[in-house]
Amino acid sequence: MATTEVTISPEELKKSSSPERIPDPCVVVIFGASGDLTKRKLLPALYHLEQGGLLPSKFAVVGVARRPLGDEFAQDMRDGIVKGGGVDAKDAKLDEFMGKVNYHAMNFDDADGYIKLKQLLETLDKKHGTNGDRLFYLATAPDYFAEIVHQLGAHGMAKPEKGMVRVIIEKPFGHDLQSARELNDDVNKVLSEDQIFRIDHYLGKETVQNILVFRFANGIFEPIWNRNFIDHVQITAAESIGIEGRGPFYEKAGALRDVVQNHAMELLSFVAMEPPVSFGAAPIRTEKVKVWKAIQPIQMRDTVRGQYGQGDVDGKSVIGYRKEERVNPASNTETFAAMRFHIENWRWAGVPFYVRAGKRLAKRATEITIQFKQPPMLLFKDSAGTGKCDEIQPNIISMRIQPNEGISLRFAAKVPGTTMQSCPVNMDFDYATAFGVSSANGYERLLLDAMLGDATLFAHRDGVEATWSLMTPILEEWAADPPKDFPNYAAGSWGPAASDALLARDGRQWRKL
Ligand SMILES: NC(=O)c1ccc[n+]([C@@H]2O[C@H](COP(=O)([O-])OP(=O)(O)OC[C@H]3O[C@@H](n4cnc5c(N)ncnc54)[C@H](OP(=O)(O)O)[C@@H]3O)[C@@H](O)[C@H]2O)c1
């Protein structure tokens, strides 16, 4: 089956949405529109929504960035839709859609630019019948988030005159607890919380939403989803790629800020949360925050950091992190982080949650493993076979977030023959096979939800601050005690030896992915 992130077909997308999920007429304004994210993800996602008949007929897009690009912008976006979105260049709707895409060149701190932007939006309202409704998308470096929101407020664009004004803010939302609080305070001065949509594109992935369906739409799993039956949980977010030329960004971020504080903590909360009273933004956010608040302060001995050195990935020799372009040759930025969490509540007390995330690992795989306790008595322990059957292995539910999206259940089965020999086997659900499509990359769903005002899959102020509260002490302790052994893992491996030791200490090991 396909392992790439294929976009869901327009027909499937339409089928999965009820007819009433079509937003009111609006203009989507993307700040940072000449950047990588807009071209590769946002415009293709908007076009897929258009193909699926999920955008309002009265609609327009305005890209905002610094350089005066003229027609070059439209051409670049068209290329992005065709290449990034897998769209046929001759697609009948593409010209019509591109007719709704506009560009406005300005500097983000230039007041005059916002005055002209407002005029442009009013002109587009008349042309397209968009009625003053706006969705602003801040696809910029985080340093600009507060400035742009402030300028929108100062120029009368932050409060709706008639319909709605909403603002999507990209990650990273802050770089520690204090900066996240300051950013929240800054944007809350101009926007109410229900206007702010902090995006984590992981939450737009079908496989992530499916964790909730798996847990709460099936009667058989929830009774065993607790400390009585579960031994431990593992969350892996592994990438085989390096930093892809984004040295300056990654030098400031590192694996903990880039992945653990947001994506991994979101996955953990979906696995660990209590059933919400309904599938709505507020009940889900409440349950997620309760999980994060129940996590005990993380001990330094429960954390591992790493940085890749030279090694082999997919049979090719690759350079170490410190040799990457625009990276400090003595950099202490971690490209790998692992840690052990304890959620001190009725359901999870005593069940460790192990999380690891890193770059230049052996393969690309984001996966959650729920490992169950062994049966109280191992009746067949003397009859294990050879090879993969040589040990009695515990039951496992593994949720593959990407690639090969799906869920497997591992259990023991009798090997055919005259002896009573058991062997672990898998029962497998595979998205592509079951539904005939691979899941979308997340942006379609989240853009549509934001246009509709549905904040269920977006981060709330409380949640962002709760996860930063957990991560900031680790960052501070790491900064105060620079690593002495970097680089400490070879590119193409599964991270530093200390990561294996973290689990070995508890008599456990990372599942081989
Ligand atoms: N790329 C991804 O796959 C990805 C994934 C997840 C999250 N994100 C987040 O999304 C955001 C954008 O990422 P990106 O990769 O698209 O960034 P990028 O390629 O560096 O693009 C930055 C954009 O901001 C514009 N810009 C910068 N300074 C400006 C200024 N003073 N005035 C006006 N425009 C200015 C640039 O315009 P000019 O070109 O005219 O200079 C460009 O359009 C970041 O917060 C990033 O962390 C990105």
Name every residue in the range 308-348 that is among the acidic types (Asp, Glu) and either in a strand (DSSP E or B) or touching a Pro at 6+ places or on another chain (Cβ under 9 Å) (or both), in order of residue number.
Asp312, Glu334
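If only one of Val208, Val167 is of a type in the set (Val, Ile, Thr), within 30 Å of Gly129 (Cβ to Cβ) and surrounded by 20 or more Cβ atoms within 10 Å (Cβ to Cβ), which one is it? Outline the logic, then answer.
Values: Val208 fails: within 30 Å of Gly129 (Cβ to Cβ).
Being of a type in the set (Val, Ile, Thr), within 30 Å of Gly129 (Cβ to Cβ) and surrounded by 20 or more Cβ atoms within 10 Å (Cβ to Cβ) holds for just one of Val208, Val167, which is Val167.
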Residue list for the range 170-189, restricted to those being loosely packed, with under 15 Cβ neighbours inside 10 Å and either closer than 16 Å to Gln261 by Cα or free of Cβ contacts under 8 Å to residues at least 40 places away in the same chain (or both):
Gln178, Glu182, Asp185, Lys189
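Does Ala92 satisfy being small (Gly, Ala, Ser) and either within 15 Å of the ligand (Cβ to nearest atom) or surrounded by 12 or more Cβ atoms within 10 Å (Cβ to Cβ) (or both)? I'd like the intermediate steps shown before the answer.
Numbers: small (Gly, Ala, Ser): yes; either within 15 Å of the ligand (Cβ to nearest atom) or surrounded by 12 or more Cβ atoms within 10 Å (Cβ to Cβ) (or both): no.
The answer is no for Ala92.
From Gly350, Gly315, Gly320, Gly280, which residue is of a type outside the set (Val, Ile, Thr) and within 20 Å of Pro496 (Cβ to Cβ)? Break it down into steps so the answer makes sense when it comes.
Values: Gly350 fails: within 20 Å of Pro496 (Cβ to Cβ); Gly315 fails: within 20 Å of Pro496 (Cβ to Cβ); Gly280 fails: within 20 Å of Pro496 (Cβ to Cβ).
Testing whether each residue is of a type outside the set (Val, Ile, Thr) and within 20 Å of Pro496 (Cβ to Cβ) leaves just Gly320.
Can you tell me how many residues in the range 131-144 are more than 8 Å from the ligand (Cβ to nearest atom), buried (at least 21 other Cβ atoms within 10 Å of the Cβ) and either assigned to a loop (DSSP other than H, G, I, E, B) or not basic (Lys, Arg) (or both)?
Within the range 131-144, residues that are more than 8 Å from the ligand (Cβ to nearest atom), buried (at least 21 other Cβ atoms within 10 Å of the Cβ) and either assigned to a loop (DSSP other than H, G, I, E, B) or not basic (Lys, Arg) (or both) number 4.
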Can you work out which of the residues in the range 362-388 that are touching a Ser or Thr at 6+ places or on another chain (Cβ under 7 Å) and modelled with pLDDT under 80 is surrounded by the most Cβ atoms within 10 Å (Cβ to Cβ)?
Ala384
Need pairs with beta-carbon distance below 7 Å; first residue free of Cβ contacts under 8 Å to residues at least 24 places away in the same chain and within the range 133-160, second away from the ligand (no atom under 14 Å from the Cβ) and assigned to a strand (DSSP E or B); sequence gap 6+ or separate chains.
Lys159/Val165
I'm trying to understand the selection: among the residues of the range 1-32, which are at negative phi and modelled with pLDDT of 90 or more?
Ile22, Pro23, Asp24, Pro25, Cys26, Val27, Val28, Val29, Ile30, Phe31
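Which one of Gly84, Gly52, Gly35 is within 9 Å of the ligand (Cβ to nearest atom) and either touching a helix residue (DSSP H, G or I) at 6+ places or on another chain (Cβ under 7 Å) or modelled with pLDDT under 95 (or both)? Break it down into steps so the answer makes sense when it comes.
Numbers: Gly84 fails: within 9 Å of the ligand (Cβ to nearest atom); Gly52 fails: within 9 Å of the ligand (Cβ to nearest atom).
Sole residue among the options that is within 9 Å of the ligand (Cβ to nearest atom) and either touching a helix residue (DSSP H, G or I) at 6+ places or on another chain (Cβ under 7 Å) or modelled with pLDDT under 95 (or both): Gly35.
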Looking at (1) without any contact (Cβ under 8 Å) to a residue 60 or more places away in the chain; (2) of a type outside the set (Lys, Arg); (3) closer than 18 Å to Gln371 by Cα, find the lone condition where Ala497 falls short.
(3)
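Here are Ile148, Ile199: which of them is closer than 24 Å to Leu470 by Cα and either at pLDDT 95 or above or of a type outside the set (A, V, I, L, M, F, W, C) (or both)? Talk me through it step by step, then tell me what you get.
Details: Ile148 fails: closer than 24 Å to Leu470 by Cα.
Step by step, each of Ile148, Ile199 is checked, and only Ile199 is closer than 24 Å to Leu470 by Cα and either at pLDDT 95 or above or of a type outside the set (A, V, I, L, M, F, W, C) (or both).
Of everything in the range 62-81 that's assigned to a loop (DSSP other than H, G, I, E, B) and surrounded by fewer than 13 Cβ atoms within 10 Å (Cβ to Cβ), which residue is farthest from the ligand (Cβ to nearest atom)? Before the answer, list the steps.
Kept after step one, since they are assigned to a loop (DSSP other than H, G, I, E, B), are these residues of the range 62-81: 66-70.
If we keep only those that are surrounded by fewer than 13 Cβ atoms within 10 Å (Cβ to Cβ) too, we end up with 67-68, 70.
Working: Arg67: 4, Pro68: 9, Gly70: 12 Å.
By that ranking, first place goes to Gly70.
Could you name every one of the helices (runs of 4 or more DSSP H) located completely within the range 194-307 that has at least 1 residues being among the acidic types (Asp, Glu) and in contact (Cβ under 8 Å) with a residue 40 or more places away in the chain? Break it down into steps so the answer makes sense when it comes.
On the way: elements: 206-216, 247-255, 265-272, 281-294.
Once the helices (runs of 4 or more DSSP H) in the range 194-307 are filtered for at least 1 residues that are among the acidic types (Asp, Glu) and in contact (Cβ under 8 Å) with a residue 40 or more places away in the chain, what remains is 206-216, 247-255, 265-272.
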Tally, over the range 400-436, of residues that are in contact with a helix residue (DSSP H, G or I) (Cβ under 6 Å, 6 or more places away or on another chain) and under 18 Å from Val213 (Cα atoms):
3
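The values are calculated or read from the model by the stated rules, or taken from the named source; none is laboratory data. Model, not experiment: these values are computed from the prediction. When we count neighbours, we look across all protein chains shown, and the Cβ atoms used for this are built from the backbone with ideal geometry, even at glycine.
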